[in-house]
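Working notes, beginning with the structure itself.
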Amino acid sequence: MIYTRPYIAANAAAYAQKWALDRNPLFDNYAGRGGDCTNFVSQCILAGSCKMNFTKDYGWYFISDSCRAPAWTGVEFFYDFITQNTEFTQRNRGIGPFGEEIQASSARPGDVVQLANELGDFYHTLIVSQVANGEIYICAHSDDALNRPLSSYTYTTARFIHIRGVRAEYDPPCFSELMNGSSLIIN
């Protein structure tokens, strides 16, 4: 039976702050191979959800460099998975984290930001680590950042994604093992 449970945004933000300037040895580094930004944000979302979706081609998962979903590392694929993983379908099974676009003013730690250029192409994925005094602070890979003000970036458009929850069959423990880089629990 599939049920919905909360996404633990504080775990995602804590993971982001721990690994923003380093690399978790459980995951490959895609810097120089298309960028590591969405891979890093996927790791953060995993820390807050402890659930992957292993649907071939349309899911969101990482087992190894040669066995991962496009949504794990691709900016647009990530957006499509998170915002369209709304229900059980033959295409995506509805398992794992799911979210929706929100206004910047609603962004909170554990939410996702994606930046677009003047052509409207979204090219960079970041995670909100803090919100203070009206400023959004982010953590990111590729151009590594720890609690960097979003206002210091140059971009044309930004979209903000709030992770609303997680669908799962059961709850595996994973946060402390993932946080410490000691085990990638896959189920």
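The values are calculated or read from the model by the stated rules, or taken from the named source; none is laboratory data. Keep in mind it's a predicted model, so treat the numbers as computed, not measured. All Cβ positions, even for glycine, are placed from backbone atoms using ideal geometry, and neighbour counts span all protein chains on display. Ligands, DNA and RNA are stripped out before the accessible areas are found, and what is left, the full protein with its side chains, is counted by its heavy atoms. Shrake-Rupley method; radii C 1.70, N 1.55, O 1.52, S 1.80 Å.
General remarks:
- Filtering the range 1-55 to residues that are of a type in the set (A, V, I, L, M), surrounded by 23 or more Cβ atoms within 10 Å (Cβ to Cβ) and part of a loop (DSSP other than H, G, I, E, B) leaves only Met52.
- Test result for Glu76, at pLDDT 95 or above and open to solvent by 10 Å² or more (accessible area, probe 1.4 Å): yes
- Restricted to the range 102-161, the set of strands (runs of 3 or more DSSP E) holding at least 3 residues that are under 20 Å from Lys18 (Cα atoms) comprises 122-132, 135-140, 145-149.
- Residues of the range 97-111 include none that is more than 25 Å from Asp144 (Cα to Cα), in contact with a Gly (Cβ under 7 Å, 6 or more places away or on another chain) and at pLDDT below 95.
- Residue, nearest to Ala168 (Cα to Cα), within the range 61-73, restricted to residues that are open to solvent by 10 Å² or more (accessible area, probe 1.4 Å) and of a type outside the set (Asp, Glu): Tyr61
- Among the conditions (1) among the hydroxyl-bearing types (Ser, Thr, Tyr); (2) surrounded by fewer than 19 Cβ atoms within 10 Å (Cβ to Cβ); (3) over 14 Å from the mean Cα position of the chain (by Cα), the only one that Tyr58 does not satisfy is (2).
- Of the residues in the range 174-186, none is loosely packed, with under 15 Cβ neighbours inside 10 Å and modelled with pLDDT of 95 or more.
- Qualifying residue in the range 108-129 (condition: among the small types (Gly, Ala, Ser), open to solvent by 60 Å² or more (accessible area, probe 1.4 Å) and out of contact with any helix residue (DSSP H, G or I) (no Cβ under 6 Å at 6 or more places or on another chain)): no
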